[in-house]
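A quick write-up on the structure given underneath.
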Amino acid sequence: MPKALVQELGSLAFVERAENVVLIGPSGIGKTHLAIALGYKAAQAGSRHASSRQPT
């Protein structure tokens, strides 16, 4: 994932715009880790968030 995209997601601007983020890619590239980190950062910022995981 490009560094600029990770930084954009880390800004949490998508939360303020009420946009969804979908992380798609092969196993082992850090999708779950990134999703948890974004959720944690959003919670620390006072946002209430929801997440879901699609069954495989």
Next item on the list: Identify all residues within the range 1-24 that are in contact (Cβ under 8 Å) with a residue 12 or more places away in the chain and of a type outside the set (A, V, I, L, M); write none if there are none.
Entry: Gly10
Next item on the list: Report whether or not Ala18 is modelled with pLDDT under 95 and either touching a Phe, Trp or Tyr at 6+ places or on another chain (Cβ under 7 Å) or on the phi > 0 side of the Ramachandran plot (or both).
Entry: yes
Notebook entry, point to check: Only one residue in Ala42, Ala35 is touching a Lys or Arg at 6+ places or on another chain (Cβ under 9 Å) and free of Cβ contacts under 8 Å to residues at least 24 places away in the same chain. Which one?
Noted result: Ala35
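Yes/no per residue for (1) assigned to a loop (DSSP other than H, G, I, E, B); (2) surrounded by 12 or more Cβ atoms within 10 Å (Cβ to Cβ); (3) of a type in the set (Asp, Glu):
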site	(1), (2), (3)
Gln7	no, no, no
Phe14	no, yes, no
Ala18	yes, no, no
Leu23	yes, yes, no
Gly28	yes, no, no
His33	no, no, no
Ala43	no, no, no
Pro55	yes, no, no
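The values are calculated or read from the model by the stated rules, or taken from the named source; none is laboratory data. In this text, all values refer to a predicted model and were calculated from it rather than measured experimentally. Reconstructed Cβ throughout: ideal geometry from the backbone, glycine too, with neighbour counts over all protein chains shown.
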